[in-house]
1. Hey, what's the Cα Rg ratio for the stretch 28-114 versus the globular rule of thumb, 2.2 N^0.38 Å?
2. Can you sort 164, 200, 209 so the residue with the fewest Cβ neighbours within 10 Å comes first?
3. If I histogram all Cα-Cα distances within the stretch 280-422 using bins 10 Å wide from 0, what percent of pairs lands in each bin?
4. Let me know the volume per residue of the alpha-carbon convex hull for the stretch 135-260, in Å³.
5. Would you mind ranking 188, 434 so that the residue whose beta carbon has the fewest other beta carbons within 10 Å leads the list?
6. Going by Cα centres, the stretch 37-82 and the stretch 245-276 are how many Å apart?
7. Can you give me the relative contact order of the stretch 186-310 as a percent, contacts being Cα pairs under 8 Å and 6 or more apart?
8. Arranged from highest to lowest average of other beta-carbon atoms within 10 Å per residue, in what order do the peptides 320-326, 108-114, 442-448 appear?
Ligand code: FRU
């Protein structure tokens with residue numbers, strides 16, 4: 001094993017892993033780091049039947065302070081997982097300060113991975129307009145486990161001249177008989193936008209167009225994604241620096257989408273922006289099309305730069321990935337809902353005709369709840385101190401002490417026919433109207449049994465859940481091909 005790989009891998013001692021495993025907040029059916037810090041999902045794809053889920057990973061530090069590489073899980077069924085060797089350990093000039101986010105493209109039986117190499121030059125720089133390297137790097141694999149040496153595809157000098165050094169998170173798609181890459185960018189005068197590059201061979205890339213908002217929308221757009229649904233094209237991205245407007249944009253940084261014109265060879269202005277998930281812990285989602293044609297999106301259950309406290313840091317880990325969600329276009333709205341495989345985790349089922357102001361404890365907090373309100377206004381109390389309420393116009397979700405500073409978020413909704421909630425030891429994913437709206441959060445309440453009550457009668461289907469099965473990685477070989 002080479003030295004850099006060894007330094008990156010060393011913190012993953014059995015003792016550290018055991019500490020994470022013993023944490024009661026450890027998630028039962030969400031992917032989390034084996035030890036240390038996790039952020040964005042990367043390189044999502046299905047390759048020869050196996051799903052690959054890479055992610056931003058800092059095994060040595062649960063605060064994420066050290067350099068990122070890519071962690072890697074594989075699965076065939078989204079229930080049983082194999083932890084694979086870490087990939088893209090930062091080991092060269094182009095990615096010395098981190099192998100940042102990127103994506104996968106399967107072409108001619110080969111998995112191509114594109115990511116951002118991040119480096120900071122020594123010196124007195126602001127690291128926004130000078131002193132920072134954000135290059136597009138590429139590597140490929142014939143088996144999804146062993147990777148060719150990294151190569152640099154684009155350097156900062158190849159980007160439009162009005163951009164700052166912050167140009168990152170390549171997502172590559174086949175489109176109109178060509179390949180297109182979208183990159184998130186910050187201009188020198190701090191406007192967020194997306195840049196499109198084009199290639200016929202995945203190696204040589206030329207700038208094709210720029211996507212800007214109709215009026216300034218934040219200072220930086222991170223993690224862009226180009227998504228086709230029913231013949232329409234959307235740009236998903238995570239704008240930073242957008243001010244809250246009423247109940248919109250309550251999160252620290254945003255996540256959501258713009259509809260695009262289908263011609264990616266011409267500059268375009270886009271708007272309005274639609275939020276994807278209204279929660280406290282959702283960011284940097286990435287999507288892929290699987291071999292059965294489904295558009296699946298996975299998000300980072302976390303968000304940067306917030307001041308909520310994270311008790312799991314003391315147990316040597318932080319953050320998780322959301323459940324995989326199927327994206328579908330429903331008239332003009334993109335719905336998201338956990339993929340059907342997740343139902344295979346269902347264990348016991350209890351149907352309850354909920355009577356008003358009665359506390360029910362149907363089983364474990366590791367569960368799925370399907371709720372049908374029977375009135376147009378209601379308040380639900382869930383677990384130790386979560387409140388979900390609807391007044392006929394506004395949905396409000398509030399966390400008490402278990403939110404460690406998260407507070408309340410709101411969604412304006414015309415009518416709520418159903419609520420679907422996936423509850424894990426330290427997370428909740430809430431879907432309104434089977435995916436019309438979503439809200440994801442972490443919470444830490446030390447509960448074991450679920451408590452549920454409502455001030456109105458409602459129907460509740462409760463499913464206790466089995467846990468994921470995750471095999472730890474066994475071989476420690478260097479996955480870089482000689
Ligand atoms: C988003 C992000 C990306 C970057 C990565 C670094 O969370 O800031 O823009 O590539 O995280 O870990």
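Read-outs: derived from the displayed coordinates by stated rules, not from any lab. Because the structure is a prediction, the values reported are computed rather than measured. Every residue, glycine as well, gets a Cβ built from its backbone with ideal geometry; the counts of neighbours run over all protein chains shown.
1. Against the compact-globule rule of thumb, the ratio is 1.09.
2. Details: 164 23, 200 11, 209 18.
Fewest-to-most Cβ neighbours within 10 Å comes out as 200, 209, 164.
3. Calculated over all Cα pairs of the stretch 280-422, the distribution is 9, 31, 40, 19, 1 percent.
4. 141
5. Neighbour counts put them in this order, fewest first: 188, 434.
6. First find each Cα centre; the distance between them is then 27 Å.
7. Values: 248 pairs, mean separation 24.5, N = 125.
That works out to 20 percent.
8. Most protected by this proxy first, the peptides run 320-326, 442-448, 108-114.
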